[in-house]
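Colleague: Can you read through this structure? Questions will come right after.
Taken together, the values in this text are just the output of simple stated rules run on the coordinates, not laboratory data. All figures in this text were calculated on a predicted structure; none of them were measured in a lab. Cβ atoms come from the backbone with ideal geometry, glycine included; neighbour counts cover every protein chain shown.
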Amino acid sequence: MLRSRFHGWLLPVLLIAITAATTANAQLNSKFSPDLLSGSTSGNVQVIVQFYNPPSTGDTGLLGLLGGVVKLVLGPIDALLMDVPYSSLTSLASDPNVKYISPDRVLAAHQQSTDIPSAAYTTEPINAPAVWQMGYLGSKVGVAVIDSGITPVSDLGFNGSSLSLSTELVAQLLDSVNEVPPYSNGRIVYSQNFVPGQSDALDHYGHGTLVAGLVAGNGADSTGPQYFRTFRGAAPNANIVNLRVLDENGAGTDSAVINAIGESISLQKTWNIRVINLSLGRAIYESYQLDPLCQAVEKAWKAGIVVVVAAGNDGRNLALNPEGYGTIDSPGNDPYVVTVGAMNTQYTPQISDDIIASYSSKGPTFVDQVVKPDLVAPGNVVTSLEFNGDPLAADNPNFYTWYSFYQQGGEETPSQSYFPMSGTSMAAGVVSGAVADLLQAAPGLTPDQAKALLMVNSDRSYFPPSSSVSDDGITYVANYDVFTVGAGYLDIAKTVGAALVKNGSVPPGTAMSPIATYNASTGDVTAVIDPSALWTQSGPWSASSVYGGRAFLTGDNSAALWGATPIWGNSDPNGFTALWGKTALWGKSSPEAETALWGKTGTGSSAVSLQY
């Protein structure tokens, strides 16, 4: 009798104990990123440990007891970069102050190629020249270019009469020149290296200088009576803060980028840093609410800096569906930042013949289904800066801009000052420069107000229903929906004009991008607007107005993206079933979709891309 009673009491207790242990293990596992769990389980691993509160002496003491070595303090996100035995990770996660642990992931270069000489238009399609003639050239605005470093060239020097503008405007430009501090050159007002084991911030890869030219090149090497075309960046008088995070191979790490973002925040007042350009990215492994890169860009955004991020170049990746959806890179998946896709300008200054670049990554974002990109801008075979010994130009001999494209009587030989490149990297640089123009015109704008104005005033009037490109026997289809072009094509002249009229009248709230949700019973996809977002307003600021009638059907807080629209619903079963059906993006989560889209990757080897 006693034995029977004992067993009757013991079984529930054992079940409770097993349940509690299972729950505790699940809670601990939730603190690990999926790629960390799928990596090697032996030896040491370099990880980013995020804390709920700044790490205390107790936290660091525990790290020491576990054999961990702190490599860097990542102040912007209350995190540490550390080297720790893999066997100690579970004990580390048991610290109640530990929020999330992820590898110090790798960002690596890749490229889009062309085998034709080119000189596509960059600033004309976004109406930048009209803004310059108003006197807004990004003067006194600092743009932090977090990239492979920048090598000084003439086009990043001080401005003068080379802009061929009025005497009064030239005087204004010269008056805006800053004193040259150490480690600076021309309008590169500050430089710092974050690549471990290296000291200088020069460009040993070529990408950073090219991006800087699209942001702020003044066309010095293509201005004068012997030239019939001048290659300028979108903000030809902006200042550049050069923060090098990528090495001579175009490779970097999360920790380097996070530290550079932190430095941008620290230097914000010194150099009036109002914009950060991130023409780089990697795979998404977790929600943006846990991703350390996303947490860092949000810190900058909330500190008053507009963060512009390349969407990614994975639009031709059909692993999840036949039309390349769900391929946005991190940190472009963060709903705060301005995420930019790339347009092909077809070598003409007008936009009527422009089409989306087939490689431009499409939303919604993996894991969170954020509606991205936010807008699009020129990025295909656009011409920018080359320097003597430029490795990127040397490694891509088929990328060149002939002298005959811009010089009177010029020969059909490659220029030594300019060369073209393609990708959302380029499009992001164009938008960063445009934002500098906007913030010179309306310096009181917050990042959310600037993003809202850019999106509300983008052009979506001419887009075709779809376009396609065939390459190596594969046809890549693009539908001009919110997951492909966002709110539309950047028009900086219209945006600046609206800012000058509406400065201070933008509705309160964030400009967070909506979240797409799928209703399996109705087949509808809706965009859910965060309650804090200004898109909850009616009229011109509503989500349906911002994204256009072909994308949204009804409502302000929850607007239908699918259903009986001209593009989607049953009229396009390929897109519908591919994106939301049984075998596609919707419903998949790490590691299944991660493996399908990015392939098997081990700890710290999630090499994705510098966004050419």
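Colleague: Counting C-alpha atoms alone, how compact is segment 230-377: give Rg to one decimal and Dmax as a whole number, in angstrom.
Modeller: 16.0, 48
Colleague: Summarise the long-distance tail of P(r) for segment 109-499 by giving the % of C-alpha pairs beyond 32 Å.
Modeller: Percentage above 32 Å: 25.
Colleague: In whole Å, what are the extents of segment 27-104 along the principal axes defined by its C-alpha atoms, from largest to smallest?
Modeller: Cα spread of segment 27-104 along its principal axes, largest to smallest: 28, 22, 20 Å.
Colleague: Further question on the same structure: Using the 10 angstrom Cβ neighbour count as an exposure proxy, how do Glu412, Glu298 rank, fewest first?
Modeller: The fewest-first ordering by Cβ neighbours comes to Glu412, Glu298.
Colleague: Another question, if that's okay. Based on the mean of other beta carbon atoms within 10 Å per residue, what is the order of 255-263, 418-426, most packed first?
Modeller: In decreasing order of mean packing, 255-263, 418-426 become 418-426, 255-263.
Colleague: How would you rank 473-481, 274-282, 493-501, highest first, on the average number of other Cβ atoms within 10 Å across their residues?
Modeller: My ranking of the peptides, most packed first, is 274-282, 493-501, 473-481.
Colleague: If you don't mind, there's one more thing I want to ask. Which order do the peptides 286-296, 309-319, 86-96 come out in when sorted by mean C-beta neighbours inside 10 angstrom, highest first?
Modeller: 309-319, 286-296, 86-96
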